[in-house]
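The values are calculated or read from the model by the stated rules, or taken from the named source; none is laboratory data. Just so it is clear, the structure is predicted and the values come from calculations on it, not from any experiment. In this analysis, Cβ positions are derived from the backbone assuming ideal geometry, glycine residues included, and neighbour counts consider all displayed protein chains.
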Amino acid sequence: MGLTGGRFAKRGFFTTGVCAVLLFLGGMGLSSHCAEQGKASPAEAGERRGEARGASQQENSRTSLRIGSFNIRNFPCNTNCDCLKEFSFDRCKRPDSLPTDWRRLAHEIRALRPDVLAVNEILNPDRLRRFAEEGLGSSWRVVYSNEGGPHKVGFLYDASAVKLVEQWSFASIFNDIKPREHAEDCVRGLGHLRPAFACHFRLRGSEFDVTAVALHLKSGPCPTVREAQWRIMERIVDRLAEKVNNIIILGDFNEKRRRERDFDSFCRAKGFSVATEGILCTALGRDEGIVFDHILVSREALKFLAPGSARAGGACGQGCAPNAFWKAYKNLVSDHCPVVAEFRVGM
């Protein structure tokens, strides 16, 4: 199923972004300002390389797609002060901390074997490109949105497994937030909100398509802002559903309540299921594991979801109570864990 943005663009809903193909590791205002890295678009040189590598696999049609999400905290800095200052993101709280350990991060991503991975908190896409080449190999790409604050959202994907068809950046998820409706502490952070970034992928060797939407919602005790973001997401999903099926929303939702979460009303209204419902923790708090990161699946995509396939990796695979592994993981990788789910064609 091919996607075109022309009809939506003429109606003012969104325009197609020109997003880079990079090497990598692990009314409504919709914008298409995607960052460019290198000289080729996804339809050009980089994608051709992925197609060439994938050609040998076309004879044996793929039957599954593994898709997940990972907040790779302040990549490539983690909480290292000197690195954060280098990228004008001066939120240093631990002067003795180390930058992200690339080898360890690559290990944690490879362990979950994703084909597509939504990525949060990208501070420097150039470093991410080098990381991809050194960590996962030459078939890996990343696309990201340049909208919003210093933290970028994007996707890592294996071009030998999937083809990137089209992508859009939805700036309305922060542009349409009305400051007067929210607490003063929450309003101060509105300038750092991130867009919803959607990519339409096709599984190579099949006709199976998914449209994945990467989110990184407002952090902290600001439920009214997140609730407003989910109301905007309802509109975004309505627009996407006019052209695509199999919508998957994933990322760091910054909601730790177990009952009546920010996104529960969205799921009821739009018919989404929480694939990650049974996961006990996806982020490492001071005293306990927290479930911040989720994968939401539309009714159409739910038919392909492998039952029980959703899982968390990283330190969350070692238990949801603080332990020695947690400390090393947070110091070297992130305060979040990767999550992944599997979708099987022909289920």
Legend entry - Matching residues, the stretch 100-132, being over 19 Å from Asn146 (Cβ atoms), in a helix (DSSP H, G or I) and either touching a strand residue (DSSP E or B) at 6+ places or on another chain (Cβ under 6 Å) or aromatic (Phe, Trp, Tyr) (or both): Trp102, Leu112
Inset, instruction - Answer yes or no: is there a residue in the stretch 67-75 that is modelled with pLDDT under 95 and assigned to a loop (DSSP other than H, G, I, E, B). - result: no
Inset, instruction - Might you check whether a residue that is within 15 Å of the chain's Cα centre (by Cα) and of a type outside the set (Asp, Glu) occurs anywhere in the stretch 133-141? - result: yes
Legend entry - Number of the condition not met by Arg62 [criteria: (1) outside any loop (DSSP other than H, G, I, E, B); (2) basic (Lys, Arg); (3) over 15 Å from Ser334 (Cα atoms)]: (1)
Inset, instruction - Could you tell me whether Arg226 is at pLDDT 95 or above, farther than 26 Å from Gly314 by Cα and not polar (S, T, N, Q)? - result: no
Inset, instruction - Filter the stretch 196-208 for residues that are under 19 Å from the mean Cα position of the chain (by Cα) and either over 20 Å from His294 (Cα atoms) or hydrophobic (A, V, I, L, M, F, W, C) (or both) and give the result. - result: Ala196, Phe197, Ala198, Cys199, Phe201, Arg202, Leu203
Inset, instruction - Tally the residues that are closer than 20 Å to Asn246 by Cα and assigned to a strand (DSSP E or B), restricting the search to the stretch 287-305. - result: 6
Inset, instruction - Considering every residue within the stretch 214-237, establish whether at least one is more than 16 Å from Phe263 (Cα to Cα), under 20 Å from the mean Cα position of the chain (by Cα) and surrounded by 17 or more Cβ atoms within 10 Å (Cβ to Cβ). - result: no
Legend entry - Of all residues making up the stretch 185-214, the number that are out of contact with any helix residue (DSSP H, G or I) (no Cβ under 7 Å at 6 or more places or on another chain), modelled with pLDDT under 85 and farther than 20 Å from Phe70 by Cβ: 4
Inset, instruction - Can you confirm whether the stretch 172-186 contains a residue that is among the charged types (D, E, K, R) and touching a strand residue (DSSP E or B) at 6+ places or on another chain (Cβ under 9 Å)? - result: no
Inset, instruction - Using the structure shown, decide if Gly148 is surrounded by fewer than 24 Cβ atoms within 10 Å (Cβ to Cβ), closer than 26 Å to Ser64 by Cβ and small (Gly, Ala, Ser). - result: no
Legend entry - Number of the condition not met by Pro322 [criteria: (1) crowded, with 18+ Cβ neighbours inside 10 Å; (2) assigned to a loop (DSSP other than H, G, I, E, B); (3) not hydrophobic (A, V, I, L, M, F, W, C)]: (1)
